Amino acid sequence: MVMKSIALFFLAICAITDIRSKKISLGIAGLFAAAGIALTIAGIGLRPFDAIGGILIGACLLGLARITGERIGYGDGVMVGVTGLFLGLFPNFALLSLAAFFSGIYGIAMMIFKKANKDTELAMAPFLALALVVMML
């Protein structure tokens, strides 16, 4: 639960900055990544292979950001990579899947009410934070 709480704190900070500026602070991400690595090395966090598996989800998103010309932002890949250090492979994949579901529902609702179109960019961090809260319940 401690690792999920740290990940949630990270995502809450990212959600605020993502909504305000559409950017993710690499300094904050680096700080939390260093904490995740330190906890793993100290034996308090995930096992190393679990942490690496979690990071791979973020690495895949970074690759998708490159392939799609940033239709998926690099910041999204960084956030998911950092949360992977705290959650591991399968929970991080579940987090991303649930966040994508929530953002899809929100996007559809916005289009129905004519507040957005198919090209509107949505901040992903709030949906990642919401998904982690749901996973923690």
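The values are calculated or read from the model by the stated rules, or taken from the named source; none is laboratory data. Remember, it's a predicted structure, so these values are computed and weren't measured experimentally. Cβ coordinates were reconstructed from backbone atoms using ideal geometry, including for glycine residues, and neighbour counts include every protein chain displayed.
Laid out as a table, the results:
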| item | result |
| --- | --- |
| Condition met for GLY27 (under 12 Å from the mean Cα position of the chain (by Cα), modelled with pLDDT of 95 or more and either of a type in the set (Gly, Ala, Ser) or part of a helix (DSSP H, G or I) (or both)) | no |
| Residue list for the range 39-70, restricted to those being among the small types (Gly, Ala, Ser) and surrounded by 12 or more Cβ atoms within 10 Å (Cβ to Cβ) | GLY45, ALA51, GLY53, GLY54, GLY58, ALA59, GLY63, ALA65 |
| Answer residue from the range 83-137, given it is among the β-branched types (Val, Ile, Thr) and assigned to a helix (DSSP H, G or I) and is farthest from ALA12 (Cα to Cα) among those | ILE112 |
